[in-house]
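The values are calculated or read from the model by the stated rules, or taken from the named source; none is laboratory data. Bear in mind that the values here come from a model prediction, so they are computed numbers and not experimental data. Virtual Cβ from ideal backbone geometry, glycine too; neighbours counted across all protein chains shown. Each accessible area value is taken on the protein alone, full model and side chains, heavy atoms only, with ligands, DNA and RNA left out. Shrake-Rupley method; radii C 1.70, N 1.55, O 1.52, S 1.80 Å.
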Amino acid sequence: MSGKVSQTRTVLPGSQSGEQPLWHRMSEAAGLISPTGEVQETIFGRMTALALSCDAVNLGQGAPGDPTPDFLVEAAHEAMRVGANQYPPPQGAPALREAIAQQRLRDWGHRVDARDVLVTTGATEALTAAIVALAPPGTDIVVLEPYYDSYAAAAALAGARLVPVGLDIDADGARVDVDRLAAAVTESTSIVLVNTPHNPTGLVLSQDEIVRIGALAEAADAWLLTDEVYEHLVFDGTHTAPAAVLDDPRVVTVSSAGKTFNATGWKIGWVIASQEVLTAVRAVKQYLTFATGAPFQPAVANALTDHADFGAENARALAAKRDVLVSALREVPGMRVTPAASGYFVLADLRELAREQGLPADAFALNERLSREMGVTGIPGSALCAADSPTARALESVIRYSFCRTAAEVEEAAVRLRAFAQG
């Protein structure tokens, strides 16, 4: 031996050929590539760091501030104690699948066989596995914009194209232009992905809108994939489950327990679809996580069955915090607030405020300035859109604020907003 130390380095796939590797394309689709080409932290992580640096109230992250209810924690503890600590069945614990089927019928009139339920590691895995299973490479996935950032990454993973259709958002609320959506659905469309109740606008699609969107998907022979994770957190109006009103086996339903029961870290989600679809989705899912949270599954089953009123209680608590935040936001001169009929978030347009103060209508710069001067941090609305899309440009001066934090945090944010408004 020469005594020399071998010098080696790890070369990632595609880095020498010039072709971007899949993980990089997924990050780019989700808006995580910096102008210099580096992978950066999510917008939520960056805004959390900004809030910490400014000692601001962090209303950027969509994580519930209220505790997970005792009945859920105690049920999980009991499940652990009696031995639910090994792999559960890959399709999910039978008790949970049956509870989900009963909940869908009880709450939304969606008739489901427990055999048609697949338990997943949260709704994000459910959506990703469904997209990979149902969207052939080169096809289009039509989504409402702004949108949950995982949609773009999942489309990139599938080799599909994300086609965003912007919502109309103003001081009266958010609306879907079904004619604009129809123009985006073509013979290349494999999936129409509908998020209702909608993140982040709070839009709750009406039955008429759902029927029209369903007809568009059916005419294109496309899957209708629904993201319904905020199904129980509706303040104004009523959630309509697309699968309950559309007699179409191509409707694939996704939801989860995290938002309803303040247990987002448990990551218990589900897909509801035909056996044929579940076979394809499970083929993707089983080599990602195989199975999910054994003791959490019976606990969620118990919550869905014996604590069916908790979702409505949670919605009332969120609506009260929404009202506190919206009232304070509207006291800031030049701030236009979009009503939120559901969910965790409210959108505030600062265009007039920026104009009055001689500032650029740039939500990133405004959010940083307000974090320092007002002590409240949100998320720039354009970060929830495709880069430089018409919707991103329309939301360039919009900041998303979360009212799902604790009541004390929301109250403190309101105090700071009012102090800023009074100069």
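Numbers for the structure displayed
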| item | result |
| --- | --- |
| Hits in the range 367-401 - residues which are charged (D, E, K, R) and under 17 Å from HIS198 (Cα atoms) | ARG400 |
| Given (1) under 14 Å from PRO298 (Cα atoms); (2) assigned to a helix (DSSP H, G or I), index of the condition GLN91 fails | (2) |
| Among (1) within 25 Å of LEU22 (Cα to Cα); (2) open to solvent by less than 20 Å² (accessible area, probe 1.4 Å) - the single one LEU162 does not satisfy | (2) |
| Which listed residue, of PHE261, PHE235, is under 30 Å from ASP172 (Cα atoms), touching a helix residue (DSSP H, G or I) at 6+ places or on another chain (Cβ under 6 Å), buried (at least 24 other Cβ atoms within 10 Å of the Cβ) and at pLDDT 95 or above | PHE261 |
| Residues within the range 285-299 that are surrounded by 19 or more Cβ atoms within 10 Å (Cβ to Cβ) and either free of Cβ contacts under 8 Å to residues at least 24 places away in the same chain or not in a loop (DSSP other than H, G, I, E, B) (or both), tallied | 5 |
| Restricting the range 49-88 to residues that are under 29 Å from GLN286 (Cβ atoms) and β-branched (Val, Ile, Thr), the residue that is surrounded by the most Cβ atoms within 10 Å (Cβ to Cβ) | THR68 |
| Restricting the range 181-219 to residues that are of a type in the set (Asp, Glu) and assigned to a helix (DSSP H, G or I), the residue that is surrounded by the fewest Cβ atoms within 10 Å (Cβ to Cβ) | ASP208 |
| Qualifying position, being closer than 30 Å to THR238 by Cα, in contact (Cβ under 8 Å) with a residue 12 or more places away in the chain, of a type in the set (Lys, Arg) and open to solvent by 20 Å² or more (accessible area, probe 1.4 Å), among ARG416, ARG351, ARG405 | ARG405 |
| Search result, residues across the range 18-43 that are closer than 21 Å to SER389 by Cα, open to solvent by 90 Å² or more (accessible area, probe 1.4 Å) and not in a helix (DSSP H, G or I) | PRO35, THR36 |
| Selection status of ARG369, among the charged types (D, E, K, R), without any contact (Cβ under 8 Å) to a residue 24 or more places away in the chain, under 24 Å from ALA49 (Cβ atoms) and open to solvent by 50 Å² or more (accessible area, probe 1.4 Å) | yes |
